[in-house]
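Everything on this sheet refers to the single structure shown next.
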Amino acid sequence: MEKFPEKVSVGVFATALMPSTTTPLSSIMEELFKGHPLEAYMDSKVMISTDPNNPSSFLHFGPKYMSSRMYQLTAPEDFMLATMLVRPGNLFLDHITKEVMITEENFGSLSRAYIVCKEDKTLREDFQRWMIERSPGVQVKEIEGADHMVMLSKTNELYSILQDIAREHH
């Protein structure tokens with residue numbers, strides 16, 4: 001959205017980290033970790049690199065964490081498939097220290113929508129709303145009974161909201 005604003009009609013964030021022109025990414029991450037410290041990741045594996053030549057840090061979600069914090073409302077067969085497909089992900093800690101600039105002229109000028117998933121235990125509702133408050137002009141939609149994996153726990157509701165947003169911004 002920042003690099004190619006002319007190619008984006010609307011940015012949709014579904015229970016996701018949302019950048020802001022008013023709040024640095026490091027502050028967003030700091031707020032996230034207040035309510036979700038590294039200990040909360042249970043059986044997940046976290047590797048924080050101290051090598052300046054290879055600053056990437058990775059997180060591999062464990063099945064206990066996934067079942068209690070990400071997929072708690074998802075059908076058991078979808079959760080089982082997810083555990084088989086999980087791969088390590090980048091924590092992007094090296095990006096946070098570099099403070100990627102989000103400008104009002106590019107990112108801030110675009111329409112944005114945020115889908116609050118009220119039962120998300122990874123990005124809790126209060127944190128989602130904290131990000132929304134720091135990003136003026138964001139259209140807010142809500143899905144009751146959706147966990148972090150809204151595309152699995154509330155597929156039809158998500159699809160309907162995405163269609164509505166697309167129609168509104170077409």
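Structure notes:
- Residue-normalised accessible area of the chain, expressed per residue, 1.4 Å probe, Å²: 58
- Where a label projected 7 Å from the Cα of residue 159 along Cα→Cβ would reach, residues of the stretch 68-88 with amide N under 19 Å: 74-79
- Accessible-area value, residue 134, 1.4 Å probe, nucleic acids and ligands omitted, Å²: 70
- Highest mobility in the GNM of the chain, judged by mean-square fluctuation with C-alpha springs under 10 Å and restricted to 15, 122, 50, is found for 50.
- Working from label points 7 Å from Cα in the Cα-to-Cβ sense, the residue 104 to residue 36 distance is 3.0 nm.
- Accessible surface of the chain [probe 1.4 Å, protein heavy atoms]: carbon and sulfur percent: 58
The values are calculated or read from the model by the stated rules, or taken from the named source; none is laboratory data. Just so we're clear, the structure is a prediction, and the values are computed from it rather than from any experiment. Cβ atoms come from the backbone with ideal geometry, glycine included; neighbour counts cover every protein chain shown. Only protein heavy atoms, including side chains, enter the accessible area calculation; ligands, DNA and RNA are left aside. Shrake-Rupley method; radii C 1.70, N 1.55, O 1.52, S 1.80 Å.
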